[in-house]
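Working notes, beginning with the structure itself.
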């Protein structure tokens, strides 16, 4: 029995006005996040202890609550788009030319950062986002970084700029809570640190080039 | 004051088919304004749960004819062969398109797309992104769609009805879940891409959102539903929850075993074994259980899916999600233990009647994806053809709707078409329906009681095995449930995220869809593909090599027959 089962029991048989989001109940649609005993969890994957202890369920922190467990994710959706999460190229390849070759090890470079299900547990856990809602945040940064690592993409420079603008990656203080709570083993904290390094190297390069 | 919105094209549903249609329309012309409405945020759409892969001919050893033949044979010869031929020709470029847009397909050593074996496919032609192919396709499509400012999203908007005037669609009525306000969205073309109706069954791999909304909306607007009796049961779902364990686990070499440790499929699909088609395999599992060779568990009888011989490395690289699901939801590590499995409803082969351009008989109304029935799937869909179908026919519907909407503009119509004089009427009709729920005094039954009643009768009487008596009972009971829904109880009288209101509308849609399924199942007095009648156990090409179209009437479905399009492949006995 999972927390989601309990929520469904309550809304089906006790109080139909209880509002919460869910769909796949298999940990991949990302809609059922909530705080379970204070920790951000997918309710479909959070077991109810068989010992019968009380379980406290709250809406995800750091988002405006619309009703019960339903929080407003409009701002998160806007941030996803802000990092230009699509392949950027000088010249688009024609369909007739077939696929880009991408070796398994090239896929592996970005694969984990592409496993994010947009459940926003990382935003609920992030102390920087709690203090400043403008902060780009872990999931959006990891997504931008995923495209930067993709061998098919040529937009890294443009995206690094977007990722490090005001309230960007440099605001991250590397607490690492985002990676701890991620139900899909994505490491957004690592993505944020690497973005900082990549951005620093890029600006260093442009300074030294200017110096020559 | 009812809010009014206007687009050239309104797309209902933002899974793979809806998003692909939206991108196709946006790239067709940047003059077009596209409204994309979904009752959930796009990345929650059920495409996300598709695991195994996407079929397309991309390897030298494969051929278009072979993919076509596999699909047609899989369909038990009910697929329209012209549609299948077109589908197999266009699937490869769609897979490449998704690759160019960034989909993280799994690769061969040299960097080309990797292909795996799948049920009913005679060669390895299923392209995949580990065992999260649907998840990656959906996110790639959503992320790519963000490039196009002409795609305007209405996330968490629930569409209630289509507005039809003068024999053409004029728009739709939708409910904004945040406020329960109704809005009229006018559009020259409406594309219905709301997916299937798996939730009319008790045991289903489908997410809770799969309630057949778009099918019911189109049906009520006068568009026929086609071949609704064909419901796919997937052989391997976790008992209790119905969580899908992908066919890719058998494509990668997994075994199905009974209580005696026997690979029992040798008695059902001796040539293909675990890679037989889903309809035959699901019946085989039920047969094994009936003959006492299943295991008994807390959630009923089950069989075993054994992956142990594949080894940890293969499981982790090719089937990581299967391992995660088995660990989380069955407390089983497939590296060390076989996974308990049983059949569960998985896919709705039937759906909104369309041609290969997604057009329905009602001008301006289109459909694609699982909501639609073109039909390339006929009586039984082959695994991994559905994601390709979403892409191929999503694009075709998007392009055709775009060209239709542009020509409407050129003829001097306003962008988004003309607001019909009846728009107020449509909205007030919806308002009435909503108020009758929100303002009702008393009320008796809980919605869940009626929903569970439906799911359990569909499971027992319109399931894997069917017969006349049960189907007649099912139809009578569905009509009773419709009556009971009218006097159901609603706790939530509020307007903010009133999910109970949405569930009441969904249940109303589910009952209409379920009625069409049971009715078509009763009239098809033969066994073909996923439709097995114990009282008519043979296929009957003389009387039933036809599609059945269901038209909505207040008394229940009215049926018409439609010939199957055969091009080069004559029906023969189907053996694996």
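Readers should treat all values here as calculations from the given coordinates under stated rules, not as data from a laboratory. All of these numbers come straight from a predicted model, not from anything done at the bench. Neighbour counts are summed over all protein chains in view; Cβ atoms, including those assigned to glycine, are modelled from backbone coordinates with ideal geometry.
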With the 8 Å Cα cutoff and a minimum separation of six or more residues, chain B has a relative contact order in percent of 22
First obtain the Kirkwood hydrodynamic radius of the protein assembly as shown from its Cα pairs, then insert it into the Stokes-Einstein equation at 37 °C and 0.692 mPa s, and state the resulting D in µm² per second as a whole number.
-> 123
Segment residue B:4-residue B:495, extension gain: residue separation times 0.36 nm, minus the distance between their alpha carbons = 174.9 nm
Scoring chain A by relative contact order with C-alpha pairs under 8 Å, at least six apart, yields a percentage of 19
State, to one decimal in nm², a quarter of the convex hull surface area for the C-alpha atoms of chain A, i.e. the direction-averaged projected area.
-> 15.3
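I'd like the FRET efficiency for residue B:410 and residue A:158, computed as 1/(1 + (r/R0)^6) with the beta carbon distance as r and R0 of 56 Å, rounded to 0.05. Walk me through the numbers before you get to the answer.
Numbers: r = 37 Å, r/R0 = 0.66.
The computed FRET efficiency comes out at 0.90.
Under the 0.36 nm per residue contour assumption, what length would be gained going from the current alpha-carbon distance of residue B:479 and residue B:538 to full extension?
Extra length from residue B:479 to residue B:538 when fully extended: 18.3 nm.
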Per residue of A:115-124, what is the mean number of Cβ atoms on other protein chains within 10 angstrom of that residue's Cβ?
-> 2
Going by alpha carbons, how many degrees (0 to 90, nearest 10) lie between the helix axis of B:133-145 and the longest principal axis of chain B?
-> 30
Partner chain coverage, peptide A:138-147 - average Cβ within 10 angstrom | 1
Chain B: angle of helix B:16-28 to the longest principal axis, Cα-based, in degrees nearest 10 | 60
Could you list, bin by bin from short to long, the percent of Cα-Cα pairs of the range B:423-563 in 5 Å steps?
-> 2, 9, 17, 17, 17, 12, 10, 7, 6, 3, 1, 0
Mind ranking B:462-475, B:425-438, B:138-151, A:91-104 by how tightly packed they are, going by the mean number of other C-beta atoms within 10 angstrom, highest first?
-> B:138-151, B:462-475, B:425-438, A:91-104
Calculate the tail of P(r) for the range B:1-160: the fraction of all Cα-Cα distances greater than 23 Å, expressed in %.
-> 47
Order these peptides, B:152-159, A:125-132, B:342-349, by their mean beta-carbon neighbour count within 10 angstrom, highest first.
-> B:342-349, B:152-159, A:125-132
Stokes-Einstein D (µm²/s) once Rh is taken as the Kirkwood radius of the range A:3-71 over alpha-carbon pairs, at 37 °C in 0.692 mPa s | 267
Cβ-Cβ FRET estimate between residue A:10 and residue B:290, R0 fixed at 30 Å, reported to 0.05 | 0.25
Counting only backbone N atoms under 18 Å from a point 7 Å out along Cα-to-Cβ of residue B:271, the residues of the range B:61-95 in range are B:62-63, B:65-78
Each label sits 7 Å from Cα toward the beta-carbon; between residue B:152 and residue A:101 the label points are separated, in nm, by 4.7
By what distance, in whole Å, do the Cα atoms of the range A:47-138 stretch along each of the three principal axes, largest value first?
-> 59, 35, 22
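Send over the per residue convex hull volume for chain B, Cα only, as a whole number of Å³.
Cα-based convex hull of chain B, divided per residue, equals 144 Å³.
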How would you rank B:46-57, B:510-521, B:441-452, A:71-82, highest first, on the average number of other Cβ atoms within 10 Å across their residues?
-> B:46-57, B:510-521, A:71-82, B:441-452
Going 7 Å from the Cα of residue B:314 in the Cα-to-Cβ direction, what parts of the range B:124-153 have a backbone nitrogen less than 20 Å from that spot?
-> B:124-133
For an R0 of 56 angstrom, estimate the FRET efficiency from the Cβ-Cβ distance between residue B:220 and residue A:53 and round to the nearest 0.05.
-> 0.70
Whole-number D in µm² s⁻¹ for the range B:245-363, Kirkwood Cα-pair radius fed into Stokes-Einstein, 4 °C, 1.567 mPa s = 82
Within 10 Å of each Cβ of B:318-328, how many other protein chain Cβ atoms are there on average?
-> 2
